[in-house]
Amino acid sequence: MAIKTLPFDPARHLTSPEAQAELLSDAMQTGDAGYIANALGVIARARGMTEVARGAGITREALYRALS
């Protein structure tokens with residue numbers, strides 16, 4: 001019998017600034033550019049891409065491109 005899985009989005013579980021900071025700190029300590037970019041993307045989704053883009057002074061689309 002096949003196991004049914006559901007998609008997991010870590011952004012839904014990083015609701016506190018402390019948890020987001022811990023993820024980013026862990027990513028930075030590894031020095032792995034892919035992990036750092038992924039962590040930044042997860043944190044941006046957790047905070048809301050539109051809000052993050054507005055705070056950075058760029059469009060939401062530009063933010064998506066920068067994090068991809």
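Some values worked out for this structure:
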item: Leading residue by the ranking (farthest from Ile36 (Cα to Cα)) among those in the range 59-68 that are hydroxyl-bearing (Ser, Thr, Tyr) and surrounded by 11 or more Cβ atoms within 10 Å (Cβ to Cβ); result: Thr59
item: Selection within the range 36-58 - under 18 Å from Arg12 (Cα atoms), open to solvent by 60 Å² or more (accessible area, probe 1.4 Å) and of a type outside the set (A, V, I, L, M, F, W, C); result: Asn38, Arg45, Arg47, Thr50, Glu51
item: Inter-residue pairs, beta-carbon under 6 Å, first within 10 Å of Leu40 (Cα to Cα) and in the range 18-30, second part of a helix (DSSP H, G or I), 6+ apart; result: Gln20/Ile43; Leu23/Ala39; Leu24/Ala39; Ala27/Tyr35; Ala27/Ile36; Ala27/Ala39
item: In the range 40-66, the residues that are out of contact with any Lys or Arg (no Cβ under 9 Å at 6 or more places or on another chain) and under 13 Å from Leu23 (Cα atoms); result: Leu40, Gly41, Val42, Ile43, Ala44
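The values are calculated or read from the model by the stated rules, or taken from the named source; none is laboratory data. Note that the structure is a prediction, hence the values are computed from the model and not measured. Note: ideal-geometry Cβ built from the backbone for every residue, glycine included; neighbour counts use all protein chains shown. For the accessible areas, the whole protein counts, side chains as well, though only heavy atoms, and no ligand, DNA or RNA atoms are used. Shrake-Rupley method; radii C 1.70, N 1.55, O 1.52, S 1.80 Å.
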